[in-house]
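Below you'll find the structure, written out as structure tokens, and then a few comments.
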């Protein structure tokens, strides 16, 4: 492949690729390499075409300074294993190590720069600070490929500003993600069912607001469900509750009734008297959703709810799922998430796992990724797209 998405012949060119390599680490051990694997096809295609590939990415949330626990060194090593070739690693992003590493690349070689967020200019709110850092990045290379879908909703130097300084193109991963997002928003095949979980309603306000006019059914689980239950006048014990969102949720329930969108809430809940932590053995108890004890908190949807959610998904032709149904990391509270994931594998149509914790749950629970229509690498970006928001990292490529 000598022509990459309009960049012309990339052979011999130094191409900066903004990937999303933000993977979970236990010390220096990668516990889920899904995002690295998703980044491989674009990097491999450019290297095979003779480009000198320079990968820039972030890990975690360092505050513009070096934090060794967020080094991309183990990520670079894993990328090399997946590519089947040695990957050079620069111990800084735009400094002496980066310049020497890039200068040492031959055609087809790949290098990873150190965590881009070790530099305050990456995430600065000041346009001139981001632009200055972007100019340093651009000075290392000849062209730019944006392939980190998980960050395209961020107006950051390596996502937005650098694209204004270099010949640029959209990477294969970002292109594929956008194709799927368009299928979810532009005349989706019906019935269209959306499953939302995770901890907070406030994280999903925009997407609920927008989807009430688009989806046929909304299935609500995870910690956010207790605000919905409380909005209906039910007691939720010690469960996670956002008091300041109760009026908003009541408004959503009213709008759903008016527009004919079915909101499906759990009929039973798995509770415990404490949040799982340390060496304490969990004590899961299944209770009806309207009978949560005052001394307990909900940590998963119950088995009857899992069956009801699966039934609601069984006839769907388009499904989007974002957010686990419970604390899936603990086996006692993972069955609701498992039930939803299993139901998605049986959908006759497009099933989309919307990134973040949902994608991690699918892998952690042992599902074959090929059983889903699409597993997104960007939870926040996919939600903002479904909210109808403009994504700065996409718009800059289209301008």
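The values are calculated or read from the model by the stated rules, or taken from the named source; none is laboratory data. Because the structure is a prediction, the values reported are computed rather than measured. Note: ideal-geometry Cβ built from the backbone for every residue, glycine included; neighbour counts use all protein chains shown.
Condition first: crowded, with 17+ Cβ neighbours inside 10 Å, touching a residue at least 40 places away in the same chain (Cβ under 8 Å), farther than 30 Å from residue 43 by Cβ and in contact with a strand residue (DSSP E or B) (Cβ under 7 Å, 6 or more places away or on another chain). Can you find one or more residues in segment 167-190 that meet it? Checked against the condition, which is being crowded, with 17+ Cβ neighbours inside 10 Å, touching a residue at least 40 places away in the same chain (Cβ under 8 Å), farther than 30 Å from residue 43 by Cβ and in contact with a strand residue (DSSP E or B) (Cβ under 7 Å, 6 or more places away or on another chain), segment 167-190 yields at least one hit. With respect to residue 278, determine if the residue is out of contact with any strand residue (DSSP E or B) (no Cβ under 8 Å at 6 or more places or on another chain), closer than 24 Å to residue 385 by Cα, exposed (fewer than 15 other Cβ atoms within 10 Å of the Cβ) and free of Cβ contacts under 8 Å to residues at least 24 places away in the same chain. Spelling it out, it is not the case that residue 278 is out of contact with any strand residue (DSSP E or B) (no Cβ under 8 Å at 6 or more places or on another chain), closer than 24 Å to residue 385 by Cα, exposed (fewer than 15 other Cβ atoms within 10 Å of the Cβ) and free of Cβ contacts under 8 Å to residues at least 24 places away in the same chain.
Test of understanding: among 256, 332, 312, which residue is within 23 Å of residue 385 (Cβ to Cβ) and either in a strand (DSSP E or B) or in contact (Cβ under 8 Å) with a residue 24 or more places away in the chain (or both)? Answer to the selection: 256. Which residue is surrounded by the fewest Cβ atoms within 10 Å (Cβ to Cβ), if the candidates are limited to segment 323-339 and must be in contact with a strand residue (DSSP E or B) (Cβ under 6 Å, 6 or more places away or on another chain) and within 16 Å of residue 196 (Cα to Cα)? Among those residues, the one meeting the criterion is 327.
The set of residues in segment 82-113 being assigned to a loop (DSSP other than H, G, I, E, B) and either on the phi > 0 side of the Ramachandran plot or within 25 Å of the chain's Cα centre (by Cα) (or both) consists of 84, 93, 108. For residue 327, the test of being over 15 Å from residue 239 (Cβ atoms), part of a loop (DSSP other than H, G, I, E, B), within 24 Å of the chain's Cα centre (by Cα) and at pLDDT 95 or above is failed. Mind counting the residues in segment 193-202 that are surrounded by 15 or more Cβ atoms within 10 Å (Cβ to Cβ), in contact with a helix residue (DSSP H, G or I) (Cβ under 8 Å, 6 or more places away or on another chain) and either farther than 14 Å from residue 263 by Cβ or in contact (Cβ under 8 Å) with a residue 60 or more places away in the chain (or both)? Adding up the residues that qualify gives 6. For residue 117, the conditions (1) closer than 26 Å to residue 376 by Cβ; (2) in a strand (DSSP E or B) all hold with the exception of (2).
From the list 54, 10, exactly one residue is touching a helix residue (DSSP H, G or I) at 6+ places or on another chain (Cβ under 7 Å), over 24 Å from residue 154 (Cα atoms) and crowded, with 21+ Cβ neighbours inside 10 Å. Which is it? Even if it seems obvious, please write down each step before you answer.
Details: 54 fails: over 24 Å from residue 154 (Cα atoms).
The match here is 10.
Restricting segment 259-281 to residues that are assigned to a loop (DSSP other than H, G, I, E, B) and closer than 16 Å to residue 223 by Cβ, the residue that is farthest from the chain's Cα centre (by Cα) is 274.
So which residues in segment 357-368 are assigned to a helix (DSSP H, G or I), out of contact with any strand residue (DSSP E or B) (no Cβ under 7 Å at 6 or more places or on another chain) and either within 24 Å of residue 317 (Cβ to Cβ) or without any contact (Cβ under 8 Å) to a residue 24 or more places away in the chain (or both), if there are any at all? Can you show your working first?
Here is the first cut: in segment 357-368, the ones assigned to a helix (DSSP H, G or I) are 357-364.
Applying the additional criterion that residues be out of contact with any strand residue (DSSP E or B) (no Cβ under 7 Å at 6 or more places or on another chain) yields 357, 360-361, 363-364.
Of everything in segment 357-368, just one residue is assigned to a helix (DSSP H, G or I), out of contact with any strand residue (DSSP E or B) (no Cβ under 7 Å at 6 or more places or on another chain) and either within 24 Å of residue 317 (Cβ to Cβ) or without any contact (Cβ under 8 Å) to a residue 24 or more places away in the chain (or both), namely 361.
The residues listed here are 44, 35; of these, the one that is part of a helix (DSSP H, G or I), surrounded by 15 or more Cβ atoms within 10 Å (Cβ to Cβ) and modelled with pLDDT of 95 or more is 44. Counting the residues of segment 282-301 that are in a loop (DSSP other than H, G, I, E, B), surrounded by 13 or more Cβ atoms within 10 Å (Cβ to Cβ) and in contact with a helix residue (DSSP H, G or I) (Cβ under 9 Å, 6 or more places away or on another chain) gives 5.
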